[in-house]
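The values are calculated or read from the model by the stated rules, or taken from the named source; none is laboratory data. This is a predicted model, so every value here is computed, not measured. Every residue, glycine among them, receives a Cβ derived from its backbone with ideal geometry; neighbour counts consider all protein chains shown. Quick note on the areas: whole protein, heavy atoms, side chains included, nothing else; ligands and nucleic acids left out. Shrake-Rupley method; radii C 1.70, N 1.55, O 1.52, S 1.80 Å.
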Amino acid sequence: MTPEQKLMALMAMDTPKQPDPVFEYAVLKRVAKQRAVAAFAHMLAKIVVGGGVLMACAWALQAGDSAAVVSVLMSVGALSLAGLIVWVLGRAAPSQH
């Protein structure tokens, strides 16, 4: 084999393969679906926790002075629980790397 033929054979091995558009579409679709589910779960957790905190604050305003402290403490507890839920959902969500 001549040096030119060896060079051509080596260059032929380095040619990139043609991309598979069907495979790329399937992968992109699966990644988009995972991100949508994670975003929806995150949004839903925020809505539920925000509603709970607002209800606790509304009960505190309606109850009067003595129960206001308890309701505000419940609100703080609910907010702490919300932080924990958001943290767990963030850890459970698929990584975006």
Long-range neighbours under 6 Å by Cβ, at least six apart or interchain, first residue over 18 Å from Gly83 (Cβ atoms) within the range 32-56, second of a type outside the set (Ser, Thr, Tyr)
Gln34/Pro94
Those residues of the range 1-43 which are closer than 30 Å to Val88 by Cβ and open to solvent by 100 Å² or more (accessible area, probe 1.4 Å) amount to Leu28, Lys29, Arg30, Lys33, Arg35, Phe40
Assuming Leu79 fulfils every condition listed in (1) modelled with pLDDT of 75 or more; (2) assigned to a helix (DSSP H, G or I); (3) loosely packed, with under 10 Cβ neighbours inside 10 Å apart from one, which condition is it?
(3)
